[in-house]
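Each remark here refers to the structure printed beneath this line.
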Amino acid sequence: MTRQDDSFRIGYTITPPLPDDAEGGTVLPVLEAEDDLGNEYSDRGGAYGTSDDGSHTNGTLTAQPALPEGARSVAVRVTFLRGGEEHSYEVALDVPPAAPQRAKRVSPGP
């Protein structure tokens with residue numbers, strides 16, 4: 001899991017790889033998430049593809065809004081939809097610490 005300014009991203013690997021579109025239709029992963037403070041997060045999409053050697057699928061899913069400072073864990077449910085079927089998986093993930101804030105450069109006035 002990585003934090004973004006307005007969201008967070010979850011990376012995943014699936015073995016064996018997800019089937020391609022020619023094998024029965026597109027697989028659509030849908031994310032649902034709730035942190036340990038009770039905040040819920042919306043699925044903002046993602047991307048996935050088969051590894052170069054064909055042995056697995058790598059992907060990412062993005063959720064919004066950004067995680068608050070006090071959140072320590074996120075309960076995640078990913079549902080894979082395909083051809084009228086759905087398969088769900090649940091996992092609890094630790095929230096990584098927030099990245100240190102960078103100082104903003106201020107241009108000197110005239």
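The values are calculated or read from the model by the stated rules, or taken from the named source; none is laboratory data. In this text, all values refer to a predicted model and were calculated from it rather than measured experimentally. Every residue, glycine among them, receives a Cβ derived from its backbone with ideal geometry; neighbour counts consider all protein chains shown.
Computed quantities for the displayed model
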item: Among (1) modelled with pLDDT of 95 or more; (2) under 11 Å from Gly59 (Cβ atoms) - the single one Ser42 does not satisfy; result: (2)
item: Residue within the range 17-31 that is within 14 Å of Leu93 (Cα to Cα) and at pLDDT 95 or above present; result: yes
item: Residues of the range 23-49 that turn out to be surrounded by fewer than 16 Cβ atoms within 10 Å (Cβ to Cβ), touching a residue at least 24 places away in the same chain (Cβ under 8 Å) and not charged (D, E, K, R), as a count; result: 7
item: Set Ser7, Ser42, Ser55, Ser51: member being touching a Lys or Arg at 6+ places or on another chain (Cβ under 7 Å) and among the small types (Gly, Ala, Ser); result: Ser7
item: Selection from the range 67-84 of residues that are touching a Ser or Thr at 6+ places or on another chain (Cβ under 7 Å) and without any contact (Cβ under 8 Å) to a residue 24 or more places away in the chain; result: none
